[in-house]
Amino acid sequence: MALPSLEDLQKILEEVTGQHPGLASYFQTLACSYRASYRETDNLDNVNASVECFRAAVRHSPQSHPDFSDHIQNLGVSLSDRYRRLGDLQDLHAAVTLDKTALALTPSGHPDEPERAENLGASLADRYLRLGDINDLEAALQAEELALECTPEGDIHMPKRLNRVAQQYTQRFQQFGNLQDLEVAISYYQTAVDLAPLDYPDRAGLFRGLSMGLTDRYNRFNNLEDLHAAVENDQIAVDLTAEGHHKLGDRLHCLAVSLLDRYHRLGDPEDIEKSLESAERAFLLLLPEDSDEAMRRGILGEIYRARYLHSSNTDDLAANLEHTGKAAELLPPDHPDLPRYLSNLGISLRVRHARHGDLQDLNKAVDFGTNAVASTPAGNPAFPKYAKSLAVTLKERYTHLGDIHDLEEAQKMAVAAMDHLPVGHPDLLDLQVILSVVHSEQYRRSGDTALLQDALNTKLHALSLTPKNAPGLPERLKNVAVSYLDRYIALGDLDDLEASVSKAQEAVSVAQEQGTVYADDVQQLAISLSTRYRRFGNLQDLEEAISNEEKVVAMVSEDDSRLPGFLNNLTTTLMTRFKRLGNMQDLEDALHHNSKAIDLAQTGDPRLAHYNHVHALCHLEKYWKFGSEQMLNDGMQYFQLAVELTPPDNPKLAELYRNYSAALRDRFLKTGRISDVYEALDKIDAAAKLTPEQHLDRPGILCNLARVRMTIYHMQRIALSKLDEHQLNSAIEHDCEAVKLSPPGDPERPQFLQSLANHLSDRYKALQRQEDIEEALVNYRSSFKTFTSSPIDSWKSGLEWAELARIHAPPEALEAYRATFNLLPEILWLGSPLKVRQEHMTQIEIAKASGSAVRACITQSELTLAIELLEQGLATIFQQMLQLKTDFDTLPAGDAQRLRQFSSLLYEGKSTNPLAIAADRNSLLLEIRKRPGFESFLLSKPYAELCMASTNGPIVILTSHAQSCDAIIMLNPTSDPVHVSLPDATVKQLEHHRSALQQVLVRCNSRTRQSESSRLFGALEWTLKAPVKECFQNLLDFLRNNVVQPIYDVLQSHGIVEGRLWWCPTGSFTALPLHAATPHDRFIPSYTSTLGSILHANEKPTETPAQLALVGVTHSQSGPGSHLTSVEREVKTILSISANHPVPTKSLLGAQATVSALESQLMVSSWVHLACHGKQELSDPQKSCLQLYDGTLELESILKMPLHNSEFVFLAACQTAMGDSKLVNESFHLGGGLIAAGFRAAIGTMWSIRDEDGPRVAEIVYKHLFRAGRAPRVTDTAEALHLAVRKMREDGLPYERWVPFIHMGI
């Protein structure tokens, strides 16, 4: 029948008065119908109606009536139903009272006793959950056990009552942690499931009960099998619950919780998605005014937060905060679940702060966490969880604001949480890790290494107990890496450094296996690697660090509050690489990243001081690079801002003072402002006082302090003629302490030793103490026995050592030069762009250093060492190119393949990260050199190998020095080199004649290949003070009489009067036409830039059949320009000569001579003839180019080509072999570059040639090479050019037309 509406029922109730047994029965029946309908529909009106009807039944039933206890019982049940729907405490209290009364009215053994005991147990349990009164929990368990005891075996209610008893044991376990209660509960849960038949009405509820017990046991013991079983049982419960059932929402909610737990354990994204799906379904099943809304919003908030931490999707973060905030708002102040939602809200705000950096979020997070802890009784089982969360939030706020009170409170919360957990509880590990992180922060603040050790031990213990597949494993590995690194920085133990790198690598590796890599894990790996680089100087570590930091920056979004810190870390590492390799792009990138970090940082962010500090360092590096006072002043502004923003107790203050002091000292040296140097002393002195004795930074600070004192000493000595021995002696004491504190192998130790040596030398100059010189030499010597983190600084110190030794201990000067020149591979790092390496050669003045080294060797008759050093100094880059093309057949197959792969990537420029490839290649070479027989593999060649370059004729090396000019003749491989002094040739004279030659060439307009109509000989010649012919005669006479003749006399004395002769000019001898002053009737002259290129050419196999490519460019595509009318005739002349010889020939003439066509021919042809314009870029030699029909082909591109077949190239173009004072030697003009690219020999021109001279010389050259009866040989090319030039001289052609032609190579 249709039930009356609530309004109609109210009218009925108002009309009925007095007591009447019939009415009691009527209202009882009506109430039962309303309750049944409510449980089917969840209609709130029905539960209200059932309560009113049961109340009416009680009113109309006298206490003596046999059904009175039934009416009392039913009213209590309905009030419990309404409480569970609306959460009204009055309903709950009334239900407990009525349930107690009903049970008291029931005789022992009565059939209703079990049900009424069960009802009482249920209402008491609800009140315990609401108010937390332990007495209610004990009474509930007692009532449920009574209900179970009174239930006969086989009774249909047995499973339900077993489940109810189990729930009370579960609650008591959660309250007191008694493991026996937990095991009893699970036993009851399982028995209930086992006893229930398949058609049991609430079988789903039994599975849900078993899941509760298993979840508790998982939370206690972390057994994954329990977690899987809990999820499985919750899924069964949901599957067994029909759509529309009033319990479906609860069971979906519980399934969502179990799936979330498993996601937190295993990190499977499928679990988080299923959890969210279940929670959203449960939320949609809520009815208006449902008291479960807070609970269901709460779990939704937790799920969205977990998914945000996985995906970084800000929509998830917003949903998390919305649901968590609403859940907290829905509950009254005294609700027992409110602390949970307050704590969750604090966590969510902390997460949002981590993303956006708003400090208000962090402050609110602390407030909510504090309220959660304050409103939770100490005995509440949830207290440790809330206290743990608050500890993390407080520690986070300390990190950002530096308030020591937050750190102290974080420690208190962690300790309080631990005190409330039983021994063996899994949360103890997390709390111990939190406490260890707090200890690490306290160590950084106080320097107490005991705290550091405690932190590491705790983290190691937590790690040892963490399962290998746990989602938290990467985090714990990272934490251990941090502590190992802290201890290394504090105590300098190298094992700690290696452990830090190893654990950080393992953290990232495990995270990758788990499919979730976090930016913080990768960042820690980068920090550990960059620290190891600073200790050992392995560029591979530095490259990996930069690569990882670039990944970190790419992993986070622009609105992530961590991004400024990540950008700043990348800035620092890029600056480290700039200091090592000198690539300006690294410094520009560093400035860009750091500027962005400053722009993104929130106002009040305590890290802003450090960002400004790093920005100041970037400007300081630019100042050191370019010397601009404005750059220095810009840096000073950022230093001052950093100091203003840094609190006095900040642990980074010492580092800031150290660098600020260096900048002040630099500004004094730049401007002479005396106040700067004294402020520099104040700052560096303060830094020293702030730095503990065992701190890794202390030696560097002391070294800086010594430099500042020496600056004051020199200022007083020069400006005031005052000898301040106090400053001098104090500086040396600081240096001595720095050396003492720096461990052997520290890459900064060489700088400390060199600083000490330099200052000892200064003291010798002041006080003439011989022991100072002896100690200075000892320290210089020691400084070169370990790797240095600053090879350019050590290069300068090495030259100072050599000069000091030259004066006081001449034999040691040679040791100094050898040690110094061994730094060149580090300075001219193979992975750096060629332009950067060339800039470094200029920066370190390698030509000047080479001249000094050779002069020292000659003075002590060490000519073989002179040749080795000269080859090492002038040919490092050249040899690097040759090494990249070397065959590695002597190596084991695996090593040969790897080395060939690395070399190919570098040579052809195919790597996106050449620095990393170079580092990998270098590491492989170090491994190879550890094997017997390979100790010197690809190292600088000793004289025993270099001398083989003179197999086919003597090589004359010319060196210039301010004290003298000299020649060293390598007669042949079996004879000792011979020294020839050139007393009548001085550097001043050589530079004069070089300048005169340049002026003559300008007058002749001889810098580009030109036709007769465009040349300017007549137009400018009238301005000359002397005729061109006379200028050339003067130059050649000088070379012949003062350079060539003394050499020729020595050759003649050794029986060498004709044949091949190689010139190897260096320094001021470069760009002078020595070949033109050579006795042309006796010797066939050639040039070589390095001995290595001759050796390489001799060793290169010649099995490739000859194939000739002819390229003639008459004009460019963009316009006729300077039309080379003779080029076509030149090409056709060569074609006619080669036609009678079986050599495949390909010609590219006019529009055919494109860049791509020439590139193709260069890679397949062994002989190449280039008749075109050429251009030499003195500022950037690798940009020197051949000008073709549709564009230019730069030397840089040619150097990257795999020219495996290359033999000989004829460069009938201008400026292809033009030396210049800006070049160290002639390695990087176009001709020398093509030799480096792989050609064994080349003909080029020192300046432009007349257009008609190209065909003239080419005809004679190729007729000789392609003469009948023999295949063309590259070793004949020098003789062929010699014949052509001799014919030009015999024909009376002027000097400027025959002198420019030169031969290079074998």
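The values are calculated or read from the model by the stated rules, or taken from the named source; none is laboratory data. These numbers were taken from a predicted model, which means no experiment stands behind them. Positions of Cβ are generated from backbone atoms using ideal geometry, with glycine treated the same way; all protein chains shown enter the neighbour counts. Note: areas computed on protein heavy atoms with side chains; ligands, DNA, RNA excluded. Shrake-Rupley method; radii C 1.70, N 1.55, O 1.52, S 1.80 Å.
Is the shape of region 794-886 best called rounded, prolate or oblate, per the rule: a/c under 1.5 gives rounded, else a/b larger than b/c gives prolate, else oblate, with a ≥ b ≥ c the square roots of the Cα gyration tensor eigenvalues?
On the way: a/c = 2.58, a/b = 1.73, b/c = 1.49.
Because a/c hits 1.5 or more and a/b exceeds b/c, region 794-886 counts as prolate.
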**Study point:** Point-to-point label distance, Leu129-Phe221, nm (Cα→Cβ direction, 7 Å offset)
**Key:** 2.6
Practice item. Determine the gain in length on full extension of the stretch Asn457-Met1163; use 0.36 nm per residue of separation and subtract their C-alpha separation, reporting nm with one decimal. Key: 248.0 nm
**Study point:** 16 Å cut-off, amide nitrogen to a point 7 angstrom out along Asn1140 Cα→Cβ, residues in region 1254-1276
**Key:** 1259-1272
Check your understanding: Taking the Cα centre of the chain as the origin and placing charges on Cβ (Lys, Arg +1; Asp, Glu -1), which of Tyr611, Ile684, Val1261 is farthest toward the positive end of the dipole?
Key -> Val1261
Review point. For Ala1026 and Ala318, FRET efficiency with R0 = 60 Å and r from the beta-carbon atoms, rounded to 0.05?
Key: 0.10
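In nm², what is the average projected area of the convex hull enclosing the Cα atoms of region 1070-1201? Mind dumping the intermediate values first?
Details: hull surface 42.6 nm².
That works out to 10.7 nm², a quarter of the Cα hull's surface.
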Review point. In whole angstrom, and with the biggest value first, how far do the Cα coordinates of region 1-120 range along each principal axis?
Key: 40, 32, 26
**Study point:** Rg over Rh, two decimals, region 166-234 (C-alpha only, Kirkwood Rh)
**Key:** 0.98
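Placing unit charges on C-beta atoms (Lys and Arg positive, Asp and Glu negative, everything else neutral), compute the dipole magnitude of the chain about its Cα centre in debye, rounded to 20.
Working: 127 positive and 172 negative charges, 1336 e Å.
Taking the Cα centre of the chain as origin, the dipole is about 6420 debye.
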Exercise for review: Let me know the Rg and Dmax you get for region 325-451 when you use only its Cα atoms, in Å.
Suggested key: 14.7, 48
Practice item. Using only C-alpha positions, report the orientation-averaged shadow area of the convex hull of region 690-756, nm², one decimal. Key: 4.5
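DSSP loop (so not H, G, I, E, B), at most 13 other Cβ within 10 Å: list which GluC sites (Glu not before Pro) in region 1021-1086 pass both filters. Kindly include the intermediate steps, with their values, before the conclusion.
Values: sites: Glu1021, Glu1030, Glu1058; in loops: Glu1058.
Sites meeting the loop and neighbour criteria: Glu1058.
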Exercise for review: Starting from the Cα of Lys1287, step 7 Å along the direction of its Cβ; do the same at Arg444; then give the gap between the two resulting points in nm.
Suggested key: 7.9
Point to revise | Net charge of Cβ neighbours under 13 Å - reference Glu145; Lys, Arg +1; Asp, Glu -1 | key: -3
Review point. Non-local amide H neighbours of Arg1060 (under 5 Å, H modeled in plane, Pro and chain starts lacking H): which ones?
Key: Ile1084
**Study point:** Amide H partners (placed H, <5 Å) of Ser1147, local residues excluded
**Key:** Leu1110
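Does region 639-768 classify as rounded, prolate or oblate by the C-alpha gyration tensor (a ≥ b ≥ c root eigenvalues; a/c under 1.5 gives rounded; else a/b over b/c gives prolate, otherwise oblate)?
Working: a/c = 2.30, a/b = 1.18, b/c = 1.95.
Oblate is the answer for region 639-768, as a/c is 1.5 or above yet b/c matches or exceeds a/b.
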Point to revise | Under the Karplus curve 6.51 cos²θ - 1.76 cosθ + 1.60, θ = phi - 60°, whole-Hz ³J(HN,Hα) for region 468-484, x wherever Gly or Pro sits | key: 5, 9, 6, x, x, 4, x, 4, 6, 5, 5, 4, 5, 4, 4, 5, 4
**Study point:** Top positive-direction residue, dipole computed over region 437-560 with Cβ charges, set Val501, Thr466, Leu542
**Key:** Thr466
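Given 0.36 nm per residue, what is the gain on full extension from Glu733 to Leu286 after removing their alpha carbon distance, in nm?
Gain in length upon complete extension: 153.0 nm.
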Point to revise | Reference-scaled alpha-carbon Rg (2.2 N^0.38 Å with N residues) for region 564-679 | key: 1.03
Check your understanding: In 5 Å bins starting at 0, how do the alpha-carbon pair distances of region 429-583 split up by percent?
Key -> 2, 10, 17, 19, 22, 17, 10, 3, 1, 0
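For region 714-748, which trypsin sites (Lys or Arg not before Pro) pass both filters: DSSP loop (anything but H, G, I, E, B) and at most 14 other C-beta atoms within 10 Å? Can you show the working numbers first?
Values: sites: Arg717, Lys722, Lys740; in loops: Lys722.
Loop-located and lightly packed - Lys722.
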Point to revise | Dipole-positive endmost among Ala809, Pro791, Val778 within region 771-810 (Cβ charges, Cα centre) | key: Pro791
Review point. For the chain, with equal point scatterers placed on the C-alpha atoms only and solvent neglected, what are the log10 I(q)/I(0) values from the Debye formula at q = 0.06, 0.07, 0.08, 0.09 1/Å, to two decimals?
Key: -0.71, -0.85, -0.99, -1.14
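Measure off, as a whole percent, the carbon and sulfur share of the 1.4 Å-probe accessible area of region 528-668, all protein chains present. Mind dumping the intermediate values first?
Details: 2600 of 5340 Å².
In region 528-668, the share of accessible area belonging to carbon and sulfur is 49 percent.
Can you tell me how much longer the chain between Glu273 and Ala896 gets when fully stretched, taken as 0.36 nm per residue apart minus their C-alpha distance, in nm with one decimal?
Values: separation 623, 0.36 × 623 = 224.28 nm, distance 5.02 nm.
Using 0.36 nm per residue and subtracting the Cα-Cα distance, I get 219.3 nm.
How much FRET efficiency would the formula 1/(1 + (r/R0)^6) give for Ile674 and Gln694, where r is the Cβ-Cβ distance and R0 is 30 Å, rounded to 0.05? Working shown, then result.
Values: r = 35 Å, r/R0 = 1.17.
For R0 = 30 Å, the calculated efficiency reads 0.30.
What is the calculated FRET efficiency for Arg1082 to Glu991, with r their C-beta to C-beta distance and R₀ = 25 Å, to the nearest 0.05? Spell out each step's value before the answer.
Details: r = 29 Å, r/R0 = 1.17.
In this case the efficiency is close to 0.30.
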**Study point:** Pairwise label distance in nanometres, Val415 with Asp334, each label 7 Å out on the Cα-Cβ vector
**Key:** 3.4
Review point. Taking a 20 Å limit on the Cα-Cα distance, which of the listed pairs Lys1175/Lys1263; Lys1175/Lys1287; Lys625/Lys670; Lys395/Lys459; Lys579/Lys835 fall beyond it?
Key: Lys1175/Lys1263; Lys1175/Lys1287
Point to revise | Rg [Å, one decimal], Dmax [Å, integer] - region 417-473, C-alpha atoms | key: 12.3, 36
Review point. How about region 106-197: which GluC sites (Glu not before Pro) there lie in a loop by DSSP and see at most 15 other Cβ atoms within 10 Å?
Key: Glu153
Review point. Using all Cα-Cα distances in region 735-866, what percent lands in each 5 angstrom bin from 0 up to the longest?
Key: 2, 11, 20, 20, 19, 15, 8, 3, 1, 0
Review point. Where the centre of each part is set by its Cα atoms, how far does region 945-981 sit from region 645-721, in angstrom?
Key: 50
